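I have placed the structure first, in the form of structure tokens, so that the comments after it can refer back to it.
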Amino acid sequence: MDLRPATSADLPALYEVCLRTGDAGDDASEQFDDPDLLGSVYVGPYVTLDGTIALAALDDDGVGGYVLAAIDTADFADACEREWWPALRRRYPLPEHPTGRRDDELIAHIHHPPLMPAAVIERYPAHLHIDLLPRMQGGGNGRRMIEALVAELQRSGVSGVHLGVAAENARAIGFYEHLGFTTLHEDASGRLMGRRW
Ligand SMILES: CC(C)(COP(=O)(O)OP(=O)(O)OC[C@H]1O[C@@H](n2cnc3c(N)ncnc32)[C@H](O)[C@@H]1OP(=O)(O)O)[C@@H](O)C(=O)NCCC(=O)NCCS
């Protein structure tokens, strides 16, 4: 696996990875009418805005994964308010008649992005997303990507990172625990996990 900084030219491939892993680690493409919605929220701003780290994972078949982070979650939320959400709010107005598809959930997120509590940001300022297509999973790539990301975060001077994971994604929860993440909060929908150094 090759790991290199992601660029805007990678966005279509990265959005595809996001969709193909967006159902608690499984393919979410049947759940969405608009295939770009997930990537627009969980990939685009990390590749585009300042104050982020975006690494693309490649094998012989091309881009098959990514690890993304906002170095300071509060600054990132401000940058998204200024530079990312406005265009998406115009493109995806709140629907008058919700469809019941997952598109509704992502459009609600675009209009009312959830804010992380200050107590979490204080101890775990950065947050991350990691996804690999099935062909790149299970061979140590995820570990290498997390360690590369943590090394970059350390160089940036932050002392901790958090992430959210769906309750049904037992595989990812086991992976994060194995890599030293602990559960900060848990409810029926999922877990907030963090790691400090
Ligand atoms: C979750 C994911 C990033 C993990 O990456 P991966 O390449 O499959 O995992 P790795 O092979 O690097 O595993 C690293 C280590 O974790 C361990 N591990 C992996 N899954 C584990 C689990 N469920 N329980 C315990 N240990 C686990 C591995 O045995 C390995 O141990 P070692 O390095 O000590 O030998 C990857 O499977 C993935 O992208 N899945 C689909 C998308 C997804 O769920 N993303 C997370 C959304 S929150």
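The values are calculated or read from the model by the stated rules, or taken from the named source; none is laboratory data. The structure displayed is predicted, hence computed values, not measured ones. Here the Cβ positions follow ideal geometry from the backbone for every residue, glycine too, while neighbour counts run over all protein chains shown. Surface areas here come from the heavy atoms of the whole protein model, side chains and all, with no ligands, DNA or RNA. Shrake-Rupley method; radii C 1.70, N 1.55, O 1.52, S 1.80 Å.
I'd like the residue in the stretch 158-177 that is free of Cβ contacts under 8 Å to residues at least 60 places away in the same chain and in a strand (DSSP E or B) and, out of all such residues, is nearest to the ligand (Cβ to nearest atom).
The extreme case among them is 165.
If we scan the stretch 178-191, do we find a residue that is open to solvent by less than 60 Å² (accessible area, probe 1.4 Å), more than 17 Å from residue 74 (Cβ to Cβ), within 17 Å of the chain's Cα centre (by Cα) and free of Cβ contacts under 8 Å to residues at least 24 places away in the same chain?
Checked against the condition, which is being open to solvent by less than 60 Å² (accessible area, probe 1.4 Å), more than 17 Å from residue 74 (Cβ to Cβ), within 17 Å of the chain's Cα centre (by Cα) and free of Cβ contacts under 8 Å to residues at least 24 places away in the same chain, the stretch 178-191 yields at least one hit.
From the list 63, 120, 47, 150, exactly one residue is in a strand (DSSP E or B) and not acidic (Asp, Glu). Which is it?
The conditions single out 63.
Scan (1) without any contact (Cβ under 8 Å) to a residue 60 or more places away in the chain; (2) open to solvent by less than 80 Å² (accessible area, probe 1.4 Å); (3) away from the ligand (no atom under 14 Å from the Cβ); (4) among the basic types (Lys, Arg) for the single condition residue 155 breaks and write down its number.
Every listed condition holds for residue 155 apart from (2).
Which one is farthest from the ligand (Cβ to nearest atom), of the residues in the stretch 98-130 that are open to solvent by 40 Å² or more (accessible area, probe 1.4 Å), closer than 29 Å to residue 157 by Cα and under 17 Å from the mean Cα position of the chain (by Cα)?
Looking at the filtered set, the residue picked out is 115.
Does residue 53 count as touching a residue at least 60 places away in the same chain (Cβ under 8 Å), hydrophobic (A, V, I, L, M, F, W, C) and farther than 19 Å from residue 165 by Cα?
Considered against the rule, which asks whether it is touching a residue at least 60 places away in the same chain (Cβ under 8 Å), hydrophobic (A, V, I, L, M, F, W, C) and farther than 19 Å from residue 165 by Cα, residue 53 comes out as yes.
What number of residues in the stretch 136-152 are of a type in the set (Gly, Ala, Ser), under 20 Å from residue 18 (Cβ atoms) and either more than 6 Å from the ligand (Cβ to nearest atom) or at pLDDT below 95 (or both)?
1
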